[in-house]
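Student: A single structure is presented below for examination.
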Amino acid sequence: MRRDVFQAIADPIRRDIIEMLAKDTLSINAVADEFDISRPAISKHLKILEECDVISIEKQGRERFCTIQPKQLIPAFLWIDQYKQLWEDKLDNFENYLHQLQSKNKKHE
């Protein structure tokens, strides 16, 4: 099955793992210790992240360490970023609408 970065970020646990690995390279055990789910479930999430090329897993002695591959997140960032202005405009319009309502209510008090 072909996977892409959007599958990687689709799950909240995988997003949490990405956030953790953005701060530091961690062993699989260290990643698993941060979650209240089974180790096989964590392994499945890590496998998906690795298949999406968002992380790499390297064996060092008996441990396997996960390292983020941030460049692989760029397509998702660019896709989301194109909607940033749209949502900012919508939120600004909503904020203006709320201010208008507040002004009307103050006039009627």
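The values are calculated or read from the model by the stated rules, or taken from the named source; none is laboratory data. All values reported here derive from a predicted model rather than from experimental measurement. FYI the Cβ positions are ideal-geometry reconstructions off the backbone, even for glycines, and counts take in every protein chain you see.
Student: Of the residues that make up region 39-51, is at least one surrounded by 12 or more Cβ atoms within 10 Å (Cβ to Cβ), in contact with a strand residue (DSSP E or B) (Cβ under 9 Å, 6 or more places away or on another chain) and either in contact (Cβ under 8 Å) with a residue 24 or more places away in the chain or of a type in the set (A, V, I, L, M, F, W, C) (or both)?
Tutor: yes
Student: Are any residues in region 10-28 touching a residue at least 24 places away in the same chain (Cβ under 8 Å) and touching a helix residue (DSSP H, G or I) at 6+ places or on another chain (Cβ under 8 Å), and if so, which ones? Write out each step before concluding.
Tutor: Taking region 10-28 first, the residues touching a residue at least 24 places away in the same chain (Cβ under 8 Å) are 11, 13-14, 17-18, 21-22, 25-28.
Answer for region 10-28, where residues must be touching a residue at least 24 places away in the same chain (Cβ under 8 Å) and touching a helix residue (DSSP H, G or I) at 6+ places or on another chain (Cβ under 8 Å): Asp11, Ile13, Arg14, Ile17, Ile18, Leu21, Ala22, Leu26, Ile28.
Student: Which members of region 16-28 meet the condition of being of a type outside the set (Asp, Glu) and surrounded by fewer than 12 Cβ atoms within 10 Å (Cβ to Cβ)? Even if it seems obvious, please write down each step before you answer.
Tutor: So the first thing to find is which residues in region 16-28 are of a type outside the set (Asp, Glu), and the list is 17-18, 20-23, 25-28.
Residues satisfying the conditions are Ala22, Lys23.
Student: For region 31-53, check the following and say yes or no: at least one residue is β-branched (Val, Ile, Thr), touching a Cys at 6+ places or on another chain (Cβ under 9 Å) and under 22 Å from Ala10 (Cα atoms). Show your work before the answer.
Tutor: To start, the set of residues in region 31-53 that are β-branched (Val, Ile, Thr) comprises 31, 37, 42, 48.
Those left that are additionally touching a Cys at 6+ places or on another chain (Cβ under 9 Å): 31.
Filter again for under 22 Å from Ala10 (Cα atoms), leaving 31.
Yes, some residue in region 31-53 is β-branched (Val, Ile, Thr), touching a Cys at 6+ places or on another chain (Cβ under 9 Å) and under 22 Å from Ala10 (Cα atoms).
Student: Going through region 56-92 one residue at a time, which ones are part of a loop (DSSP other than H, G, I, E, B) and either more than 22 Å from the chain's Cα centre (by Cα) or among the β-branched types (Val, Ile, Thr) (or both)? Break it down into steps so the answer makes sense when it comes.
Tutor: In the first step, residues of region 56-92 are kept if they are part of a loop (DSSP other than H, G, I, E, B); the result is 61-62, 69, 82-83.
The answer is Gly61, Arg62.
Student: Here is a further query. Of the numbered conditions (1) at pLDDT below 85; (2) in contact with an Asp or Glu (Cβ under 7 Å, 6 or more places away or on another chain); (3) of a type in the set (A, V, I, L, M, F, W, C), Leu86 satisfies every one except a single condition; which is it?
Tutor: Unmet condition: (2).
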